[in-house]
1. Mind listing whichever residues of the range 30-43 are part of a helix (DSSP H, G or I) and closer than 21 Å to residue 278 by Cβ?
2. Pairs only if they're at least six apart or on different chains, beta carbon under 6 angstrom, first in the range 243-254 and under 17 Å from residue 266 (Cα atoms), second modelled with pLDDT of 80 or more and in a loop (DSSP other than H, G, I, E, B); list them, first residue then second.
3. Condition check: surrounded by fewer than 14 Cβ atoms within 10 Å (Cβ to Cβ) and in a helix (DSSP H, G or I). Does residue 274 satisfy that?
4. Mind telling me which of the residues 221, 208, 236, 228 ends up being in a loop (DSSP other than H, G, I, E, B), surrounded by 13 or more Cβ atoms within 10 Å (Cβ to Cβ) and in contact (Cβ under 8 Å) with a residue 24 or more places away in the chain?
5. If residue 147 satisfies every condition in (1) within 30 Å of residue 214 (Cβ to Cβ); (2) modelled with pLDDT under 90; (3) buried (at least 17 other Cβ atoms within 10 Å of the Cβ) but one, which is the exception?
6. Which condition breaks for residue 50 when tested against (1) loosely packed, with under 13 Cβ neighbours inside 10 Å; (2) not assigned by TED's automatic domain parsing to the domain that holds residue 121?
7. Got a number for residues in the range 139-157 being assigned to a helix (DSSP H, G or I) and in contact with a helix residue (DSSP H, G or I) (Cβ under 9 Å, 6 or more places away or on another chain)?
8. Among (1) in contact (Cβ under 8 Å) with a residue 12 or more places away in the chain; (2) closer than 19 Å to residue 90 by Cα, where does residue 160 come up short?
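The values are calculated or read from the model by the stated rules, or taken from the named source; none is laboratory data. All values reported here derive from a predicted model rather than from experimental measurement. Note that each Cβ is placed from the backbone with ideal geometry, even for glycine, and that neighbours are counted across all protein chains shown.
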């Protein structure tokens, strides 16, 4: 047995199963939350129960919990696997294999095909790319031709870099949800040259839509409610409350109602910054 094979065998024996890793990460996160986020005026036992409640809510509540999301992902992968193994897709894969004659053009074909499929559905793109890479390897092995198979394997997963811009991507789906980005600019209006016919509130709503659509991990909003009416302020708060589950949001505002969706308040006074946790 070669050194590589020994290393791989040892690694498989020592590495925990994915389920074990998930349990360990859950426990680690729970402990870190208990250490770093417990309010000073809350008893440890009571806060442990609060954290357990947060964990339970994250799994089950409102049909948006972790298990609900996990089943969605599993169904998408199963559907992608079924479609990728169907006869029409097999014919497509066979037709893609014909022009594959060397590593360079094969990497291009695998990358391009996987990207196209992933823009349709990320689960289908994931399975399609893997099957295509395997078929390529089998072809070159039969023909006894040299092939950089790790490069082809990497090319098969390039679709995961672009799928979020396709029709199964989170951003387009989120933008189409009721009460989300579409409703921020729900009324049609002629904007004029450079938006001269837009009011300050409409311009601000467009800027907010642009910022939210970019789907950044960190959002910085400077007086986001200054030109919005009460109806749109409520809509914005609902959107930000949902987004803050997965993003870091920094807001500067004189509107104290925005504190309702914040976890911490930073008061700047006389060149000093005071941090105050927001009690829910």
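1. To start, the set of residues in the range 30-43 that are part of a helix (DSSP H, G or I) comprises 30-36.
Passing the criteria: 32, 33, 34, 35, 36.
2. Close Cβ pairs satisfying both conditions: 253/223.
3. So residue 274 does not fit the description; no.
4. Answer to the selection: 228.
5. The single condition residue 147 does not satisfy is (1).
6. (1)
7. 8
8. (2)
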